[in-house]
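The values are calculated or read from the model by the stated rules, or taken from the named source; none is laboratory data. What you see is a predicted model, and the numbers here were worked out from it, not measured in a lab. Cβ placement follows ideal geometry from the backbone for every residue including glycine, while neighbour counts extend to all protein chains displayed. To get the accessible areas, we keep the full protein, side chains included, count just its heavy atoms, and leave off ligands, DNA and RNA. Shrake-Rupley method; radii C 1.70, N 1.55, O 1.52, S 1.80 Å.
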Amino acid sequence: MEWLTVPREWLTSAGEIAKFCGKILGQVYSLKVFRFFGETLRQSGILIVSSTIVIWGLVFIIGLQCGTEGAYFSRSVGAPSQAGVFAAWCDLRELVPYAFGYMMAAKVGTGIVAELGSMRISDEIDALEVMGIDSVLFLCATRLLASWLVLPFVYLAAIGAGFFASYLAVVQQVGDVSSGGYFLVFWMFQNPPDLVYSLIKGMVMATVVVLVGCYYGYNASGGPVGVGTATAKSMVLNIVMVHLIGMLGTQVFWGANPRAPIGG
Amino acid sequence: MSEDKMQADDATRVASVVDDRDDEFKWHTGKQLPTGVQDAIEFVDVHKAFGRNKILRGLNMGIPEDKISMILGPSGTGKSVCIKHMVGLLYPDQGDIIVHGKSVPMMHDDELFDMRKKFGVLFQDGALFGSMNLLDNVAFPLRQHTDKGEEEVMEIVNRRLAEVGLTNAGDKMPNELSGGMRKRAGFARALVLDPDIVLFDEPDSGLDPVRTALLCELIQEIHEENGGAYVVITHDIMSARRVAEHISVLWKGRIVESGPAEQLFNSDNAFVRQFLAGDSQGPLGME
């Protein structure tokens, strides 16, 4: 049946990606990756230097938007002092994870595909293999571990950037509420478990983006055009996955219980 | 195994690969002329296809120990695929590849990674790591596989770089080097662990005739110094005349003939004669 060809190809592809990602996760879980801890630290350094400012910058802008929208919306319903509710939820639960996921996909994910893809087509990965080095371990597992070492801190700092931007927009720019009044409501509508849930959302997104990037880069073929195609494919899959993880995270963590001091 | 016995084996190992039913293999006598030494690498009836494209079609070939062997053949005939099979980067659909008596396709991952330490490979464009300078590229295998101190590593690296004429280029990045320099640096990296077998994938591609001649001389000098089985893949006849001690002519995924270089250059086989003379007249056309 011809109409089954495309879904069958998708299924095959999903199976291949899952198998490859499982291998990388296994290499990190079994601690084999520590054989190349130097490379892990190098990758951590690259992440910090090349991606941190961009992620913080994007999240800061999103924080400004959350603050502005929150301030005018709460003014329109006659409760400007409640602007902190909107900012707290918008920043912590939704837009910081999404902005983080987008920037991970656009900057880190595509970077990994391009780097590993060009290593593949210039025989560098084959060269590693013939030197007796497990190339998946050296190139992919080290990148995953590096992201786990660095990104929680980058993410937490990004939340700080988003919060700061919302404060600037609500209190300093729109100015319908005092600093004390804003923070009273802002902190009332979030607590440490929310921060942990948000962090989990962000880290799952980061993990998926790195794994997808490694898969498409490592398995790139067809010369420079093939690397370009692989980069585009990884971006599409990563954006879809970021939204799926965002939606599932909100459902799981806040779907049944909004964790808000509303009503009884 | 005694040398007499090996010679007798070699003499009787005139493969009967000719498939009378198939005219395209009429020049493939599969003759493997005796070399008098044991084979470091053997291909036994190896078949490999990529989709519908059959690359190796019953390849039987031996690479003798301690000689510079060349695998010659027209473009697209499966020479690079051979190299990838030797080091387990590709697996055959059928048949076996034996390195120092052990079957490569049967090896587990750990065994395979260990076996690969016997090999040094010079890829077409050197395959240097773009994120490292030349010193780090050449030092990389030593740092990963030995317990040598940094001072000893640097001493070995500098010696190898000097051998290939790159003494002062250690701090350069690969993208700052010419094609010939990248090849020489790749050669230095391939040799740094003193491998038993060194594979060269078209070392002459993209080089001018003078630099090709110099690289061939370098291969010869280093082989004289270090020994081991060197396998050079090329379709450049001049290079073959300069350095080959053993030649295997590959066409359409099978060996046409193989044996000591001087015997192959005097072969009666019309295809071998045409190819080794670089003649336009003969069985090999543009198809």
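Worth a mention:
- Matching option when the condition is part of a helix (DSSP H, G or I), crowded, with 20+ Cβ neighbours inside 10 Å, more than 14 Å from chain B (Cβ to nearest Cβ) and in contact with a His (Cβ under 9 Å, 6 or more places away or on another chain), among A:Gly101, A:Gly70, A:Gly84: A:Gly101
- Any hit, region B:143-150, residues being assigned to a loop (DSSP other than H, G, I, E, B), of a type outside the set (D, E, K, R), within 16 Å of B:Leu215 (Cα to Cα) and open to solvent by less than 40 Å² (accessible area, probe 1.4 Å): no
- Scan region B:236-273 for residues that are open to solvent by 10 Å² or more (accessible area, probe 1.4 Å), in contact (Cβ under 8 Å) with a residue 24 or more places away in the chain, out of contact with any helix residue (DSSP H, G or I) (no Cβ under 8 Å at 6 or more places or on another chain) and not in a helix (DSSP H, G or I) and the total you get is 2.
- Which numbered condition B:Gly206 misses (of (1) on the phi < 0 side of the Ramachandran plot; (2) touching a Gly at 6+ places or on another chain (Cβ under 9 Å)): (1)
- Number of residues in region A:111-120 that are open to solvent by 30 Å² or more (accessible area, probe 1.4 Å) and either closer than 10 Å to A:Ala230 by Cβ or of a type in the set (Asp, Glu) (or both): the value is 3.
Residues checked against (1) of a type outside the set (A, V, I, L, M); (2) in contact with a Pro (Cβ under 8 Å, 6 or more places away or on another chain):
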| site | (1), (2) |
| --- | --- |
| A:Leu195 | no, no |
| A:Lys201 | yes, yes |
| A:Cys214 | yes, no |
| A:Ala220 | no, no |
| A:Met241 | no, no |
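- Inter-residue pairs, beta-carbon under 9 Å, first within 25 Å of A:Leu244 (Cα to Cα) and touching a residue at least 24 places away in the same chain (Cβ under 8 Å) and in region A:207-231, second open to solvent by 40 Å² or more (accessible area, probe 1.4 Å) and not in a helix (DSSP H, G or I), 6+ apart: A:Ala230/A:Asn219; A:Ala230/A:Ser221; A:Ala230/A:Gly222
- In summary, B:Pro92 fulfils each of the numbered conditions (1) in a loop (DSSP other than H, G, I, E, B); (2) within 14 Å of chain A (Cβ to nearest Cβ); (3) crowded, with 18+ Cβ neighbours inside 10 Å with the single exception of condition (2).
- The requirement of being touching a residue at least 12 places away in the same chain (Cβ under 8 Å), facing chain A (nearest Cβ under 9 Å), under 24 Å from B:Ile219 (Cα atoms) and out of contact with any Pro (no Cβ under 6 Å at 6 or more places or on another chain) is fulfilled somewhere in region B:128-140, by at least one residue.
- Scanning region A:188-203 for residues that are open to solvent by less than 30 Å² (accessible area, probe 1.4 Å) and over 20 Å from the mean Cα position of the chain (by Cα) yields A:Phe189, A:Gln190.
- Of all residue pairs spaced 6 or more apart or on separate chains, those with beta-carbon atoms under 7 Å, a first member in region B:96-125 that is within 11 Å of chain A (Cβ to nearest Cβ) and a second member that is of a type in the set (S, T, N, Q) and open to solvent by 10 Å² or more (accessible area, probe 1.4 Å) are B:Gln124/B:Ser205; B:Asp125/A:Ser122.
- Residue match in region A:134-145 (condition: surrounded by fewer than 20 Cβ atoms within 10 Å (Cβ to Cβ), over 30 Å from A:Asp176 (Cα atoms) and away from every other protein chain (no Cβ under 14 Å)): no
- Residue within region A:128-135 that is under 25 Å from B:Leu193 (Cα atoms), in contact (Cβ under 8 Å) with a residue 24 or more places away in the chain and either part of a helix (DSSP H, G or I) or aliphatic (A, V, I, L, M) (or both) present: yes
- When B:Glu202 is tested against (1) facing chain A (nearest Cβ under 9 Å); (2) acidic (Asp, Glu); (3) buried (at least 19 other Cβ atoms within 10 Å of the Cβ), just one condition goes unmet, and that condition is (1).
- Residue match in region B:79-87 (condition: within 14 Å of chain A (Cβ to nearest Cβ), within 22 Å of B:Leu193 (Cα to Cα) and in contact with a helix residue (DSSP H, G or I) (Cβ under 6 Å, 6 or more places away or on another chain)): yes
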